Amino acid sequence: MGAGGVTVAMEHGVALAPLLPDLARLRVSVFRAWPYLYDGSEAYEAQYLRTYVKAPGAGVAVARDGGAAIGASTCLPMPEASEAVRAPFLAAGLDPADFFYFGESVLLDLYRGRGIGVRFFQLREARANALGRARFATFCAVERPENHPLRPPGATGLDAFWTHRGYRKRPDLVCRMSWKDLGETEETEKPLVFWMKSLRGDPLP
Ligand SMILES: CC(C)(COP(=O)(O)OP(=O)(O)OC[C@H]1O[C@@H](n2cnc3c(N)ncnc32)[C@H](O)[C@@H]1OP(=O)(O)O)[C@@H](O)C(=O)NCCC(=O)NCCS
């Protein structure tokens with residue numbers, strides 16, 4: 001895809017290894033913003049991102065402007081995802097093998113609103129379909145309390161963007177992840193609510 005010199009391509013396996021420092025930097029800088037408020041370290045991130053190099057079904061859609069990575073979006077078959085991600089599905093009697101899990105999308109501010117986020121969804125769904133096993137795509141998003149002191153006035157979030165991509169919110173499926181918020185000294189646990197979409201027309205479970 002070309003959008004003003006920007007290319008977006010799905011990469012996987014060892015091809016990702018040299019990109020990890022760039023991807024770590026992107027995650028740390030983009031997730032500092034609401035609603036993630038993530039006080040991350042690039043060292044931890046580089047380690048975390050190795051999952052995507054090692055997991056056989058994983059892929060990362062990488063957006064580049066010239067040589068530089070300016071955005072990225074991750075995915076992997078749910079059986080290869082962390083226990084925290086799989087837990088609510090197992091508890092609900094759902095088979096993780098039926099699901100393809102989308103990790104995160106991060107894109108520098110300057111590049112938003114040009115269709116790159118849409119492309120991230122297309123490429124990740126294409127990877128799920130190419131691997132052939134999963135019937136549904138799913139991802140989760142953090143829920144912050146309405147009265148959170150750092151909620152920006154009028155913050156709308158991405159619910160409409162995700163709904164337009166065909167995803168439906170599933171408040172019955174919630175996982176918990178911990179990270180240190182900006183301004184806090186300790187990690188705290190946050191609820192993340194899942195969204196899902198059928199990849200081949202099967203009714204949602
Ligand atoms: C999520 C994120 C990657 C979305 O990126 P984006 O590139 O701005 O999104 P897009 O430009 O593809 O889509 C935004 C809107 O612009 C439209 N759009 C604008 N130009 C477009 C084009 N050339 N082609 C297709 N769609 C276009 C899209 O259709 C969409 O509108 P719609 O939902 O009404 O259909 C970006 O907002 C981000 O990095 N946010 C911070 C991190 C985050 O919250 N990540 C998600 C959770 S992990």
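Read-outs: derived from the displayed coordinates by stated rules, not from any lab. Remember, predicted model here, so these are calculated numbers, not experimental data. Positions of Cβ are backbone-derived with ideal geometry, glycine not excepted, and every protein chain shown enters the neighbour counts.
Quick rundown of the values:
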| quantity | calculated |
| --- | --- |
| Verdict on Arg64 being of a type in the set (D, E, K, R) and within 16 Å of the ligand (Cβ to nearest atom) | yes |
| Residue count for the stretch 138-161, restricted to those that are charged (D, E, K, R), in a loop (DSSP other than H, G, I, E, B) and either within 15 Å of the ligand (Cβ to nearest atom) or under 26 Å from Ala97 (Cβ atoms) (or both) | 3 |
| Val118, sole failed condition from (1) of a type in the set (A, V, I, L, M, F, W, C); (2) surrounded by 19 or more Cβ atoms within 10 Å (Cβ to Cβ); (3) near the ligand (Cβ under 7 Å from one of its atoms); (4) over 12 Å from Ala72 (Cβ atoms) | (2) |
| Matching residues, the stretch 121-137, being among the aliphatic types (A, V, I, L, M) and away from the ligand (no atom under 16 Å from the Cβ) | Ala128, Ala130, Leu131, Ala134 |
| Search result, residues across the stretch 20-57 that are within 16 Å of the ligand (Cβ to nearest atom) and β-branched (Val, Ile, Thr) | Val28, Val30, Thr51 |
| Cβ-Cβ under 7 Å pairs, at least 6 apart or on other chains, the stretch 98-111 side farther than 16 Å from Val8 by Cβ, far side within 8 Å of the ligand (Cβ to nearest atom) and among the aromatic types (Phe, Trp, Tyr) | Tyr101/Phe139 |
| Residue within the stretch 48-60 that is part of a strand (DSSP E or B) and closer than 27 Å to Leu182 by Cβ present | yes |
| Answer residue from the stretch 1-43, given it is within 23 Å of Glu143 (Cα to Cα) and more than 17 Å from the chain's Cα centre (by Cα) and is surrounded by the fewest Cβ atoms within 10 Å (Cβ to Cβ) among those | Ser41 |
| Every residue from the stretch 162-171 that is within 14 Å of the ligand (Cβ to nearest atom) and surrounded by 14 or more Cβ atoms within 10 Å (Cβ to Cβ) | Trp162, Arg165, Gly166, Tyr167, Lys169 |
